[in-house]
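Student: Got a structure here, written out as structure tokens. Questions coming.
The values are calculated or read from the model by the stated rules, or taken from the named source; none is laboratory data. The structure displayed is predicted, hence computed values, not measured ones. Cβ atoms come from the backbone with ideal geometry, glycine included; neighbour counts cover every protein chain shown.
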Amino acid sequence: MVAGALGVALAGRRGQFAAAMDAAPIWIPSVVVLLQLVALIARTEAWYVCVRATGATVGRRRLFRAAGFGSLASVINGSLGVATRIAALRRTAPHDTPHAPALLTAEVPIITVEIALTAVFSFTLIGPLGVPWWTPVIAVGVTGAAVLGLGRLSHRRRRGLWSGLAVMRSHDQGRMIAFALLAICAQIARNWLVLRGIGIHVSPLDAIALLIAMFTLGQLPIGPTLGPAAAMLILGSHGVAVVAAAGVLLTITAIIGSLCFAAWALADHFGAHRSALGLERGEGAVVPVTPAPA
């Protein structure tokens, strides 16, 4: 449905769309892919901090491999990416990680940081979407209350499902927040760089508004049309064809970055599997013993 609506909007504007896609210098997609990888790695490190805070002993490398598989599924839907990541981690490290409910709860602190930043900068939506001025104030208040509530809950409930909130009472909480913010800043930089490179002169606040729209729409199963849909929603006044081209470029570079991360995870998984097989064969081999001379 979303793809059909975009096709209708771009009808008769193919020339403008193609010209906008060609306008970006060749180095911009490369840098944007690199920023996507930075965002994926930073958010995975934040997840690693949250999982380790539960008492898990899983290594960073194994957790990053699971995150690489999840990043590919997240291209379709963010929730599917989380489910794939948790399933992959539980399958490869069942004895070194908590159960799936606790791993799912370990996502909550990171999502809380993302929602808090969204609430703080929700005033950027006042212009593009006509949001009432008091909506950001309410959003900040509700988010602040939720953060305080989760902090208290993490101190009262420490077992089972709630063990995923352990990082909120841990001294590593600041580290988790820092990596989550780094991931968000890399995404903002991606948006701003693509928009400016294609010829849309926007401010960093516009790039933040676009990220908020992408974060919100990313919860819906709209797949690869997320970038163009969010760009048209926030920046449609700058020109339908140009804005759609920016959204497509953001989507393509995000998919390439996720493919790179997933390719590394797959290669590392098979490399570790071969090493394990080699060790097993070495341990099972019979080593001939030469008798000592009389």
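Student: Only one of these conditions is not met by E114: (1) among the charged types (D, E, K, R); (2) without any contact (Cβ under 8 Å) to a residue 60 or more places away in the chain; (3) part of a helix (DSSP H, G or I); (4) out of contact with any Gly (no Cβ under 7 Å at 6 or more places or on another chain). Which number is it?
Tutor: (2)
Student: While we're on this one: Within region 170-229, track down each residue that is outside any helix (DSSP H, G or I) and over 18 Å from the mean Cα position of the chain (by Cα). Even if it seems obvious, please write down each step before you answer.
Tutor: Quick first cut of region 170-229, residues outside any helix (DSSP H, G or I) only: 170-172, 199-203, 218-222.
Scanning region 170-229 gives S170, H171, D172, G199, I200, H201, V202, S203.
Student: Still on this structure: Which condition number in (1) surrounded by fewer than 18 Cβ atoms within 10 Å (Cβ to Cβ); (2) in a helix (DSSP H, G or I); (3) at pLDDT 85 or above; (4) over 14 Å from the mean Cα position of the chain (by Cα) is the one that R52 fails?
Tutor: (1)
Student: Taking region 57-106, which residues are aromatic (F, W, Y) and more than 21 Å from G218 (Cα to Cα)? Outline the logic, then answer.
Tutor: Keep residues of region 57-106 that are aromatic (F, W, Y), which gives 64, 69.
Once the filter is applied, which keeps residues that are aromatic (F, W, Y) and more than 21 Å from G218 (Cα to Cα), region 57-106 yields only F64.
Student: Name the single residue that is nearest to L63 (Cα to Cα) among those in region 81-121 being in contact with a Phe, Trp or Tyr (Cβ under 7 Å, 6 or more places away or on another chain) and either among the β-branched types (V, I, T) or modelled with pLDDT under 90 (or both).
Tutor: T84
Student: Would you mind finding the one in P136, P132 that is assigned to a loop (DSSP other than H, G, I, E, B) and more than 29 Å from A245 (Cα to Cα)? Quick ask: steps written out before the conclusion?
Tutor: Details: P136 fails: assigned to a loop (DSSP other than H, G, I, E, B).
Selected residue: P132, the only one of P136, P132 that is assigned to a loop (DSSP other than H, G, I, E, B) and more than 29 Å from A245 (Cα to Cα).
Student: Which of (1) under 23 Å from C185 (Cβ atoms); (2) not in a helix (DSSP H, G or I) is the odd one out, the single condition G257 does not satisfy?
Tutor: (2)
Student: Moving on. What's the number of the condition T57 fails, among (1) surrounded by fewer than 19 Cβ atoms within 10 Å (Cβ to Cβ); (2) under 23 Å from C185 (Cα atoms); (3) modelled with pLDDT of 90 or more; (4) of a type in the set (S, T, Y)?
Tutor: Evaluating T57 over (1) surrounded by fewer than 19 Cβ atoms within 10 Å (Cβ to Cβ); (2) under 23 Å from C185 (Cα atoms); (3) modelled with pLDDT of 90 or more; (4) of a type in the set (S, T, Y) leaves (2) as the failure.
Student: Restricting attention to region 167-201, which residues are modelled with pLDDT of 95 or more and aromatic (F, W, Y)?
Tutor: F179
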